[in-house]
């Protein structure tokens, strides 16, 4: 740290602001999970903010980002309103995926954030397809595909790297090496722990960045995206980072020592970057405080927004499974006698009242009561 | 690996030239025409798969397309089923209309993650922001002594997943019309062909806009006494059985080919059952959790009072497919089993 060139002050400040926003957002999400406002799994990226912000800031607006089940920060860094991200965590209708996806499945088409995916390694083939689409349509858009060190052991890793290199697709594969595939340490799940070297056999050159350093991550990703875009050369970037919290909220962290966590916390990407900016005279202590207060207030508003947002209507249960058109009017039956869109299932055509409505309301009431 | 048994030259003889006529095509030729016409019609349509280009396709469905459309639109891929389908998903999400060929339905199991977790779910789990207009084509079926990894019928697996459309064409006309409809549709489609049918000839409308809508069953033969529903190749086997039933047993069977399983034209099936009061479902796949099991449940739920006998099922044997020719032949339905199942619905009434 400190060798690379800092960006201009306004840019540096924006990077710190966004990293801080992601940190405060994640912390609050954890609190909301403890309060049962958020269900399912919640995977926090605390500690990985420099990897997220440094890499995403190397992208153009028209580039595609695709990520994993740890993707709240990826939506936020691409500009998705934190209100909508928090509402998605709350399972509400104003969530970025209308409460259908939850923590693991954020999405924002408008900002070309092409989703978080819940299957480890499942997003690499899709990223290759996004790059194929960009190439086929003769654009100069590129794709940044992020996944964890655990995903580097999936078959899709080799398959997707090979295909991307074979077809010279504009994609950067970024392995966010946070040292653990869930609870299995890197050295216990990978024979070759220098993950950036793993692309060589597939014709995908590797680069490595300090994922705890937003500037280094930015510089390396910028070069990787340039090669992907201009040279049609896919690149594998390994970002060395660490998650300070457990794999998910349901993680007793028996696989690592407190000392190890403390060691990495000394390299906290927010604190080290803020300190460097202060050293360079680009930021005062008041500025850092202001940035933090601003982040907290955005997160406060996001929680309030999510809380205000209604639950999806029970009638929306069957929405958006299919695109209905002239030929596909339903999937259960085609009924000449029925007017308009016919979804088929008899129960869907009737209002969701009776037992199902009661069940729905009972869950809503119990959620409200738990807070 | 599967290779074609049938390499005749493509010979399309026009029997009734001009608009409104038909021509005789093999099933594989009809599929080839559908791909060719849709690729001419829409620049966003492209095809990819293992050995579909230089090799012209393991079953020659893609014969000549590389030469005609070039490497950008006819893409030979590595043997990476999950990634080929996933790449199709990604390309479809940004506005293209990929048609992915998998060499057999058994190989599609390697792509089950992308077909179900991605293609089928993406629209729903992302709140309707995107659609996935992807077609995944694959052949299935027994009869060529390809043993336990190349011979199965898995339409029931794909029927299971909401978000997918599932087509099982049995004739050249349906193969062409349904494939064109699948390519034009905005939903992910699992398009299941049958290896036995590739070489079969049939009349196909001589019309570039011959599109067969999904969710419309075909009544292959009309009859008053019993309804036989035949899936995929079994629609044809059922027709032959119906002939025998008429000649040997004085039973007039109505044969229905659903053509697509999602959406399913249940109304046509129910209307027939209400007329005949008897139903036998024929499929090549396994009995447990099969298409027939599902359809029998739907029929008894909705037409119980119209049934004079339990819904009968004729299915493939509950075994991995054996290689031995005689064993293989008894492991999937033929006319005698269908005749027997139909006749048994007339007992004890």
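The values are calculated or read from the model by the stated rules, or taken from the named source; none is laboratory data. Since the structure is predicted, the reported quantities are computational estimates derived from the model, not experimental observations. Cβ atoms come from the backbone with ideal geometry, glycine included; neighbour counts cover every protein chain shown.
Some notes on this structure:
- Being over 20 Å from residue B:49 (Cα atoms) and touching a helix residue (DSSP H, G or I) at 6+ places or on another chain (Cβ under 8 Å) holds for only one residue in B:111, B:170, and it is B:170.
- Within the option set A:124, A:161, being touching a strand residue (DSSP E or B) at 6+ places or on another chain (Cβ under 7 Å), more than 19 Å from residue A:107 (Cα to Cα) and facing chain B (nearest Cβ under 10 Å) holds for one residue only, A:161.
- Of residues in region B:103-120 being more than 9 Å from every other protein chain (Cβ to nearest Cβ) and surrounded by fewer than 24 Cβ atoms within 10 Å (Cβ to Cβ), the one nearest to residue A:316 (Cα to Cα): B:116
- Put simply, of B:319, B:255, B:282 the only residue that is surrounded by fewer than 18 Cβ atoms within 10 Å (Cβ to Cβ), within 23 Å of the chain's Cα centre (by Cα) and within 26 Å of residue B:166 (Cβ to Cβ) is B:319.
- Qualifying position, being surrounded by 20 or more Cβ atoms within 10 Å (Cβ to Cβ) and within 11 Å of chain A (Cβ to nearest Cβ), among B:163, B:141, B:95: B:163
- Residue that is touching a strand residue (DSSP E or B) at 6+ places or on another chain (Cβ under 6 Å), in contact (Cβ under 8 Å) with a residue 40 or more places away in the chain and either surrounded by 13 or more Cβ atoms within 10 Å (Cβ to Cβ) or more than 24 Å from residue A:194 (Cβ to Cβ) (or both), where the choices are A:296, A:303, A:288, A:235: A:235
- Where residue B:216 falls short, out of the listed (1) within 14 Å of another protein chain (Cβ to nearest Cβ); (2) crowded, with 20+ Cβ neighbours inside 10 Å; (3) farther than 30 Å from residue A:105 by Cα: (2)
- Take the conditions (1) without any contact (Cβ under 8 Å) to a residue 12 or more places away in the chain; (2) in a helix (DSSP H, G or I); residue A:138 misses just one of them, which is (2).
- Residue within region A:269-276 that is exposed (fewer than 13 other Cβ atoms within 10 Å of the Cβ) and either more than 28 Å from residue A:170 (Cβ to Cβ) or not assigned by TED's automatic domain parsing to the domain that holds residue A:187 (or both) present: yes
- Within region B:52-72, tally of residues that are surrounded by fewer than 18 Cβ atoms within 10 Å (Cβ to Cβ) and either touching a strand residue (DSSP E or B) at 6+ places or on another chain (Cβ under 9 Å) or more than 26 Å from residue A:127 (Cβ to Cβ) (or both): 6
- Leading residue by the ranking (surrounded by the most Cβ atoms within 10 Å (Cβ to Cβ)) among those in region B:144-160 that are within 14 Å of chain A (Cβ to nearest Cβ) and in contact with a strand residue (DSSP E or B) (Cβ under 8 Å, 6 or more places away or on another chain): B:158
- Flag for residue A:131 being buried (at least 24 other Cβ atoms within 10 Å of the Cβ) and more than 18 Å from the chain's Cα centre (by Cα): yes
- Verdict on residue A:256 being surrounded by fewer than 22 Cβ atoms within 10 Å (Cβ to Cβ) and either at pLDDT 95 or above or farther than 21 Å from residue A:23 by Cα (or both): yes
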